[in-house]
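Shown next, in C-alpha cells, is the structure this report addresses.
All of the numbers you see were taken from the coordinates with simple rules; none came from a lab. These numbers come from a predicted model, not from an experiment. Here Cβ is always computed from backbone atoms with ideal geometry, including for glycine, and neighbour counts include all displayed protein chains.
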Amino acid sequence: MVQKVTEVVGTSNEGFARAAQNAVETAAKTVRNLRWFRVTELEGRITNQKVSEYHATVKIYFDLDA
C-alpha cells in the first residue's frame, strides 16, 4: 500500500474541532480513500477584540489507487 498526504486549511466560526472537521469533509468531496488526519497548526482571526474565526491546518493521508 502507498499513501499520499495533502495539506488543507479548514475554517469555522464555532471552534478548532469544527474547523478540522470542515477540512476533512471538504477534502472527502474530491479525494477518495481518506484514512487519517493530523492537525498541524491552529490559528484564528480576531475582529473587534474577539475571536471571530478558527483555522485548522490539517494533513490528510489517503491511499493511492493500485
Give me the Kirkwood hydrodynamic radius of the chain in Å, from all C-alpha pairs, to one decimal place?
12.4
Under 21 Å from Lys4, Cα to Cα: lysines that are on another chain or at least 8 residues apart:
Lys29, Lys59
Taking the chain as the reference, fit the longest principal axis to its C-alpha atoms, fit the long axis of helix 16-27 to the helix C-alpha atoms, and give the angle between the two in degrees, 0 to 90, nearest 10.
40
Helix-derived [θ] at 222 nm for the chain: sum -39500 (n - 2.57) over DSSP H runs of at least 4, divide by residue count, nearest 500?
-5500 deg cm²/dmol
Just subtract the alpha-carbon distance of Val51 and Val5 from 0.36 nm times their residue separation and send over the number in nm, one decimal.
13.6 nm
With labels modelled as points extended 7 Å from the Cα through the Cβ direction, what inter-label distance (nm, one decimal) is found for Thr40 paired with Glu25?
2.4
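Can you tell me the order of 42-53, 11-22 when each peptide is scored by its average per-residue count of other Cβ atoms within 10 angstrom, highest first?
Working: 42-53: 10.2, 11-22: 16.3.
Ranked from most to least packed, the peptides come out as 11-22, 42-53.
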